[in-house]
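> Got a structure for you, written out below as structure tokens; questions coming shortly.
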Amino acid sequence: MYCDVKVKERTGIINPIFTCQPCGVQFASIGIKDCIGIVHGGQGCVMFVRLLFSQHFKESFELASSSLHEDGAIFGALNRIEEGVDVLLMRYPKAKVIPIISTCSTEVIGDDIDGVVRKLNAGLLKEKYAGREVHLIPIHSPSFVGSMVTGYDLAVKEFVTYFAKKGTPTEKINLITGWVNPGDVTELKHLLSVMGVEANVLFETEAFDSPLMPAGNHVSHGDTTIEDLMDTANAKATFALNIYEGGKAAEYLEDEFNVPAIYGPTPIGIRNTDTFLKKLERITGKPIPESLVRERGIALDAITDVTHMFLADKKVAIYGNPDLVISLAEFCLDMEMKPVLLLLGDDNSKYKSDPRIIEFQEKLDYKMEIIMNADLWELEDRIKNGGLEIDLIMGHSKGRYIAVGYNIPMVRVGFPVYDRAGMYRHPIVGYRGAMLLAEQIANTWFADMEYKHNREPVLNVW
Amino acid sequence: MPYHLFKCSECIPEREKHAVIKGYGETLTDALPLGYLNTIPGSISERGCAYCGAKHVIGTPMKDVIHLSHGPVGCTYDTWQTKRYISDNDNFQLKYTFATDMKEQHIVFGAEKLLKKNIKEAFKAFPEIKRMTIYQTCASALIGDDINAIAEEMMEEMPDIDIFVCNSPGFGGPSQSGGHHKINIAWVNQKVGTFEPEITSDYVINYVGEYNIQGDQEVMQDFFKRMGIQVLSTFTGNGSYDGLRAMHKAHLNVLECARSAEYICNELRVRYGIPRLDIDGFGFEPLSASLRKVAMFFGIEDRADAIIKEETQRWKPELDWYKERLKGKKVCLWPGGSKLWHWANVIHEEMGVEVVSVYTKFGHQGDMEKGISRCEEGALAIDDPNELEGIEAMETLKPDIIFTGKRPGEVAKKIRVPYLNAHAYHNGPWKGFEGWVRFARDVYNGIFSPIHELSLLDISKDEIPTDKGFLTQHLLSDVNLSEEVKNSTVLREYTGDYDALKRIKERKYPEFPRKSGLEGELSAV
Amino acid sequence: MTEVDVLDEIKKERVEQLLDFILKKCLWQFHSRAWDRERQNENIVVKTMQILCNEPIKTDTAQDRCYYVDAMYLAENYMKRFPWISEIDKGELKEIMQGLKERLDYLLIKGSLNAELSDPHY
């Protein structure tokens, strides 16, 4: 077997690939309209996540803290949630959905966030906010379990579980995008639109790329409504494009409301997009239109220009969110490249049985390593001390110093990306995303050829 | 009424005592915002936690240290690559961060073994690094791991390493300031006095409360070295672990920040008799005064005067070029803590701008006393501002520019107020004479941006001239400028390099003869 | 207004001029605890007065030298900015400096609203 799947041998983390669960929950919650989460824990658990989002999107998002201080850590801090909900409701008249998001500290001290939600529902909301639509949703996301990826998965499920309500069946599908960028949502909606398919999109984050308007509009937020979430129970099927980021919600909808769950594919690359559209065609009965044949053709035409001439046999290391990393590797293989190292940043036991990983194990004829529970030192150590030679790194900005330090060209992809402008706008899904990504890889390589005087004259007649 | 209650905070009236308008003829005894009190939950305050105050703000700028956080991964992740403190050892502390990665089983059964393994792994990965700081987090504090004991044990096992333990969990105090404080006291208690340094000058200082944002420390160190003063340690920007263990050997503590950095200086005074001199490194006049004071302490004013003269001649015409164009522009000075008072008066005097508001996220009342003293009458001072208050203030005050953090800066952008990063700077360093010009240039480029000018227009409603292909900063800034200023042959725009540190790194320093051993020793004590 | 009142007013105004400079340009008066501030005010204002009055100044300990440099900065700037300082007699100047010290003590210690000044711990 050429593909080696193993867990990082060290116990600790040197330069993490992921952050912890509450961040994932917060990322899901900003996708919902009129939603302001309250994170129950120390203030850093919110302040830094807001900073991270603003680093990536160059926008500000609203998230509140229960501001756990010393007294709360000793005596319990449920009173801080009660006060926090009240203060938030008083000052943000539009707020309707308030997830109460636990963290390591409040899970360790055992604060009963479900109990306090019941208490608030029976007390404060009935008395002071009678007639106002408010949804308090406790979400347990201790930081010492899983990662930001499982936090996101969990949050989508909790929101769906809370809101989904059986009504009249519709022709719509549920589209759970996973942890993607606004540019990806735009592209996915485009594919659905040309297919003539309507969807409840979880989450509508196109507006994260928000304009600078003459009237001033100080924050960005998602646009998935309570109605969209309720309606998920009535859809024809749920497409959880990323198995690890929305799969749980799809499973819930199937178990609870018999909405068929379709897991994947993450539509990165031509082949995965083909699969997605074919599944969509099968479920909805809508044919794939000529315009998509053409779009596909444009992408193929562009990608052909760069693959066998430039990208073939280039060795790549990829790190980031699991569905992203795996599907990027698949796309790279289609482009004749050689992903030699895949780093998945948490210890999810499901990775080992992921059919895509099994396929790598069964069919690859060169050595690929997949490291679970990985950190970025797994990559750097191999380069610095292990003799690993790679031509390209694909991953998010937290790994930028490996590229900088060892002069390896790097394509920024995933979350967070803060050291390149506007990447959240560039789709990597669908035919268009495949084309743009292939071109970005090629252009990154070209720039590197020039900086290093590495056969750069060949570009003269390309 | 000097106290100010924001409309958006009428439902939380306790906020009234946190904002003050500096009234005409009023003094600090008439009104002073409350400070460093527990945050109102749900108010969307901008404060961070005590862990980040200890690790991210004070601890991590130490350059030759493995910074290991004992807890789940998030705390470490959050405090990594979110600041711009560089170092002259290829930014080791900026590039590498370490987490013990505490999981559920550790919460239940304890994580001390995990910590031990981590310590070994980290030193093994970086054999050239022999120093470590371990930071407690909320999780490791609550499960009660004895980090100190583990550190002692490991130091016995590996004699060439040294470990500092900082117990400052996120919930410890109303804001990051709690952590600033804890790490200071912990350092002076655990580490000062445990290393004997090489003394190379008759004049030896500790430079305290300087974090080397974009090279500030290197700029200041350059001045000290040109005067023949040995900077034994910098607490903590670009500072080395062992240098800081030797703080007790300095003759003078030169203090630049506030609050907790004061405590360490006070303790050094009490324990080792080292006096504390508070200085300002920002702005021509305050910086000149500061350099002079430090030199005068050692009786070498002439060396300071020479530097001040040279630097002022070189850079003053450039500062004044910007001052002429920035006169009267309204500024919201909304940093985290100390910059509100470092800058409040000097940007008014040396850049000509009007400070219409100051705020502090984590400062104490002492910071507000300084800030309010130093800003002009009519300014609005806010403690622990929350999101809505910040927006209300910007909409009422209509500043031309705001100096604040990255994320609040994004809010300002949307309200179409240009922003400069007050914590991490735009094109720093901003300390030093050249640095101060760089700051002025950043302010100028922010305010007189043609794109900013476009953002104020509504294409559907406003008259927009159709005969313009472009505008420039000059075309915008020089509209009402006198011919004399416009045509001045003295004033000029910034002429330094993109990287202002390059020149410093190449500098050769003069060698000053030392006094004979005994005399030198005596005069220095 | 009587002549004494006028003189009092002038004195007061001069104290305020000196005070304003300290508040805007100096940091030594803002130490974090009351006892610290008392010590700072006492030492630096007195040393400034001694410099302005050409009196001998103690600089033999490191701590004294540290007060001295802050006092020198103040004295130099006072001379530069306030020509009246060299025009009045020393007795009057001492009174003004005493007034300055009292104002500083009041604004920053006795009348201060800073609740941390009396905190016994750091």
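The values are calculated or read from the model by the stated rules, or taken from the named source; none is laboratory data. Because the structure is predicted, anything quoted here is derived from the model rather than measured. Because the Cβ atoms are built from the backbone with ideal geometry, glycine has one as well, and the counts that use them run over all protein chains shown. Remember, those area values only see protein heavy atoms, side chains included, never the ligands or the DNA or RNA. Shrake-Rupley method; radii C 1.70, N 1.55, O 1.52, S 1.80 Å.
> From the set of residues in region C:64-75 that are crowded, with 17+ Cβ neighbours inside 10 Å and under 15 Å from C:GLU42 (Cβ atoms), which is nearest to the other protein chains (Cβ to nearest Cβ)?
Looking only at region C:64-75, we keep the residues that are crowded, with 17+ Cβ neighbours inside 10 Å, and these are C:65-75.
This time we only want the ones that are under 15 Å from C:GLU42 (Cβ atoms), so: C:66-68, C:70-71, C:74.
Details: C:CYS66: 4, C:TYR67: 8, C:TYR68: 8, C:ASP70: 7, C:ALA71: 10, C:LEU74: 10 Å.
Per the criteria, the residue is C:CYS66.
> Okay, next question. In the set B:ALA50, B:ALA31, B:ALA19, which member is open to solvent by less than 10 Å² (accessible area, probe 1.4 Å), within 20 Å of C:ASN114 (Cβ to Cβ) and at the interface with another protein chain (Cβ under 8 Å from one of its Cβ atoms)? If you could, list the steps in order and put the result at the bottom.
On the way: B:ALA50 fails: within 20 Å of C:ASN114 (Cβ to Cβ); B:ALA19 fails: at the interface with another protein chain (Cβ under 8 Å from one of its Cβ atoms).
Being open to solvent by less than 10 Å² (accessible area, probe 1.4 Å), within 20 Å of C:ASN114 (Cβ to Cβ) and at the interface with another protein chain (Cβ under 8 Å from one of its Cβ atoms) holds for just one of B:ALA50, B:ALA31, B:ALA19, which is B:ALA31.
> For region B:101-119, indicate whether the set of residues that are among the aliphatic types (A, V, I, L, M) and within 17 Å of the chain's Cα centre (by Cα) is non-empty.
Let us first name the residues in region B:101-119 that are among the aliphatic types (A, V, I, L, M), namely B:102, B:107-108, B:111, B:114-115, B:119.
Filter once more, so that each one left must be within 17 Å of the chain's Cα centre (by Cα): none.
No, there is no match, as no residue in region B:101-119 is among the aliphatic types (A, V, I, L, M) and within 17 Å of the chain's Cα centre (by Cα).
Residue-wise test of (1) within 13 Å of chain B (Cβ to nearest Cβ); (2) open to solvent by 40 Å² or more (accessible area, probe 1.4 Å); (3) touching a helix residue (DSSP H, G or I) at 6+ places or on another chain (Cβ under 6 Å); (4) without any contact (Cβ under 8 Å) to a residue 60 or more places away in the chain.
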| site | (1), (2), (3), (4) |
| --- | --- |
| A:SER353 | no, yes, no, yes |
| A:ILE371 | no, no, yes, no |
| A:TRP377 | yes, no, no, no |
| A:LYS384 | yes, yes, no, yes |
| A:GLY387 | no, yes, no, yes |
| A:LEU392 | no, no, no, no |
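> Still on this structure, I have one more. Identify all residues within region C:15-32 that are touching a residue at least 40 places away in the same chain (Cβ under 8 Å), more than 12 Å from the chain's Cα centre (by Cα) and either crowded, with 21+ Cβ neighbours inside 10 Å or over 28 Å from B:VAL346 (Cβ atoms) (or both); write none if there are none.
Result: C:PHE30, C:SER32.
> Filter region B:152-195 down to the residues that are outside any helix (DSSP H, G or I), under 25 Å from A:VAL108 (Cα atoms) and more than 14 Å from chain A (Cβ to nearest Cβ) and list them by number. Full working, then the answer.
Our first condition is that a residue be outside any helix (DSSP H, G or I); within region B:152-195, this holds for B:158-176, B:191-195.
This time we only want the ones that are under 25 Å from A:VAL108 (Cα atoms), so: B:165-176.
Result: B:VAL165, B:CYS166.
> Could you please let me know if B:LYS63 is surrounded by 24 or more Cβ atoms within 10 Å (Cβ to Cβ), away from chain A (no Cβ under 11 Å) and of a type in the set (D, E, K, R)?
On the way: surrounded by 24 or more Cβ atoms within 10 Å (Cβ to Cβ): yes; away from chain A (no Cβ under 11 Å): yes; of a type in the set (D, E, K, R): yes.
Here the answer is yes, as B:LYS63 does meet what is asked.
> Now a separate question. Name the residue that is nearest to the other protein chains (Cβ to nearest Cβ), counting only residues in region C:76-114 that are over 16 Å from C:HIS31 (Cβ atoms) and basic (Lys, Arg).
Looking at the filtered set, the residue picked out is C:ARG103.
> Could you count how many residues in region B:440-479 are part of a loop (DSSP other than H, G, I, E, B), touching a residue at least 40 places away in the same chain (Cβ under 8 Å) and not aliphatic (A, V, I, L, M)? Quick ask: steps written out before the conclusion?
Step one: filter region B:440-479 for residues part of a loop (DSSP other than H, G, I, E, B), giving B:448-449, B:456-472, B:478-479.
Next cut, touching a residue at least 40 places away in the same chain (Cβ under 8 Å) only: B:448, B:456, B:478.
Those left that are additionally not aliphatic (A, V, I, L, M): B:448, B:478.
Looking only at that region, the number is 2.
> Considering only region A:448-462, how many residues are surrounded by 11 or more Cβ atoms within 10 Å (Cβ to Cβ), without any contact (Cβ under 8 Å) to a residue 12 or more places away in the chain and within 14 Å of A:LYS314 (Cβ to Cβ)?
The total comes to 1.
> While we're looking at this one, here's another question. Of everything in region B:136-166, what is surrounded by 22 or more Cβ atoms within 10 Å (Cβ to Cβ) and not hydrophobic (A, V, I, L, M, F, W, C)? Give them in sequence order.
Result: B:GLN136, B:THR137, B:SER140, B:ASP145.
> Can you pull out the residues in region B:208-234 that are under 17 Å from B:LYS339 (Cβ atoms) and open to solvent by less than 10 Å² (accessible area, probe 1.4 Å)? Spell out the reasoning first.
Within region B:208-234, the first condition is being under 17 Å from B:LYS339 (Cβ atoms), and the residues that meet it are B:208-217, B:219-220.
Scanning region B:208-234 gives B:VAL208, B:GLY209, B:GLU210, B:ASN212, B:GLY215, B:ASP216, B:GLN217, B:MET220.
> Only one of these conditions is not met by B:GLY352: (1) buried (at least 23 other Cβ atoms within 10 Å of the Cβ); (2) more than 19 Å from the chain's Cα centre (by Cα); (3) away from every other protein chain (no Cβ under 11 Å). Which number is it?
Of everything listed in (1) buried (at least 23 other Cβ atoms within 10 Å of the Cβ); (2) more than 19 Å from the chain's Cα centre (by Cα); (3) away from every other protein chain (no Cβ under 11 Å), B:GLY352 misses just condition (1).
> Among the residues of region B:423-465, what is the count of those that are within 14 Å of chain A (Cβ to nearest Cβ) and hydrophobic (A, V, I, L, M, F, W, C)?
Going through region B:423-465 one residue at a time, the tally reaches 7.
> If you check A:GLY216 against the conditions, is it under 30 Å from A:MET368 (Cβ atoms), at pLDDT below 95 and outside the structural domain of A:GLN26 (by TED's automatic domain parsing)? Before the answer, list the steps.
Working: under 30 Å from A:MET368 (Cβ atoms): no; at pLDDT below 95: yes; outside the structural domain of A:GLN26 (by TED's automatic domain parsing): yes.
Here the answer is no, as A:GLY216 does not meet what is asked.
> With the structure loaded, tell me whether A:VAL316 is crowded, with 20+ Cβ neighbours inside 10 Å and part of a loop (DSSP other than H, G, I, E, B) or whether it fails that test. Break it down into steps so the answer makes sense when it comes.
Numbers: crowded, with 20+ Cβ neighbours inside 10 Å: yes; part of a loop (DSSP other than H, G, I, E, B): no.
Judged against the criteria, A:VAL316 is not a match.
> Picking from A:ILE113, A:ILE100, which residue would you name as being within 12 Å of chain B (Cβ to nearest Cβ), among the hydrophobic types (A, V, I, L, M, F, W, C) and crowded, with 20+ Cβ neighbours inside 10 Å? Give the derivation first.
Numbers: A:ILE113 fails: within 12 Å of chain B (Cβ to nearest Cβ).
None of the other options fit; the residue is A:ILE100.
> Please indicate, with yes or no, whether at least one residue in region B:326-338 is touching a residue at least 24 places away in the same chain (Cβ under 8 Å), part of a helix (DSSP H, G or I) and not small (Gly, Ala, Ser). Give the derivation first.
So in region B:326-338, the residues touching a residue at least 24 places away in the same chain (Cβ under 8 Å) come out as B:326-338.
Filter again for part of a helix (DSSP H, G or I), leaving B:326.
Then keep just the ones that are not small (Gly, Ala, Ser); that gives B:326.
For region B:326-338, residues touching a residue at least 24 places away in the same chain (Cβ under 8 Å), part of a helix (DSSP H, G or I) and not small (Gly, Ala, Ser): present.
> Do any helices (runs of 4 or more DSSP H) lying entirely in region A:182-294 carry at least 3 residues that are within 28 Å of A:LYS58 (Cβ to Cβ) and touching a helix residue (DSSP H, G or I) at 6+ places or on another chain (Cβ under 6 Å), and which ones are they?
Numbers: elements: A:182-195, A:226-231, A:247-257, A:270-284.
So the answer is A:182-195.
> Please enumerate the residues belonging to region B:71-93 that are under 25 Å from A:PHE144 (Cα atoms), at pLDDT 95 or above and facing another protein chain (nearest Cβ under 10 Å).
B:GLY71, B:PRO72, B:VAL73, B:GLY74, B:CYS75, B:THR76, B:TYR77, B:ASP78, B:THR79, B:TRP80, listed by residue number.
> Let me ask you something else. Any residue in region C:101-122 that is loosely packed, with under 14 Cβ neighbours inside 10 Å sitting within a Cβ distance under 7 Å of a residue that is not small (Gly, Ala, Ser)? List the pairs, counting only those 6 or more apart or interchain.
Cβ pairs passing all conditions: C:GLY111/B:THR29; C:ASP119/C:ARG33.
> Kindly evaluate A:LYS6 against the criterion of being over 23 Å from A:LYS94 (Cβ atoms) and open to solvent by 20 Å² or more (accessible area, probe 1.4 Å).
Numbers: over 23 Å from A:LYS94 (Cβ atoms): yes; open to solvent by 20 Å² or more (accessible area, probe 1.4 Å): yes.
Answer is yes for this residue.
> Filter region B:291-324 for residues that are at the interface with chain C (Cβ under 9 Å from one of its Cβ atoms) and either among the hydroxyl-bearing types (Ser, Thr, Tyr) or under 21 Å from the mean Cα position of the chain (by Cα) (or both) and give the result.
Within region B:291-324, B:VAL294 is the sole residue that qualifies.
> If I ask for residues that are acidic (Asp, Glu) and either in a loop (DSSP other than H, G, I, E, B) or within 13 Å of B:TYR135 (Cα to Cα) (or both), which ones from region B:66-107 would you list?
Filtering region B:66-107 for residues acidic (Asp, Glu) gives B:78, B:88, B:90, B:101, B:104.
Across region B:66-107, the qualifying residues are B:ASP88, B:ASP90, B:ASP101.
> How many residues are hydrophobic (A, V, I, L, M, F, W, C) and free of Cβ contacts under 8 Å to residues at least 60 places away in the same chain when one looks only at region B:60-110? Can you show your working first?
Our first condition is that a residue be hydrophobic (A, V, I, L, M, F, W, C); within region B:60-110, this holds for B:62, B:65-66, B:68, B:73, B:75, B:80, B:86, B:92, B:94, B:98-99, B:102, B:107-109.
Now narrow it down to the ones that are free of Cβ contacts under 8 Å to residues at least 60 places away in the same chain: B:73, B:80, B:92, B:94, B:98-99, B:102, B:107-109.
Count: 10.
> Same structure, new question: State which residue is most open to solvent (accessible area, probe 1.4 Å) when the search covers only region A:43-97 and only residues that are assigned to a loop (DSSP other than H, G, I, E, B), without any contact (Cβ under 8 Å) to a residue 40 or more places away in the chain and more than 7 Å from every other protein chain (Cβ to nearest Cβ).
That would be A:PRO93.
> Same structure, new question: Would you pick out the residues in region A:222-260 that are of a type in the set (Ser, Thr, Tyr), touching a strand residue (DSSP E or B) at 6+ places or on another chain (Cβ under 6 Å) and under 24 Å from A:VAL134 (Cβ atoms)? Write out each step before concluding.
Of the residues in region A:222-260, the ones of a type in the set (Ser, Thr, Tyr) are A:224-225, A:232, A:238, A:244, A:252.
Right, trim to touching a strand residue (DSSP E or B) at 6+ places or on another chain (Cβ under 6 Å) and you get A:224, A:232, A:238.
Listed by number, the residues that qualify are A:THR224, A:THR232.
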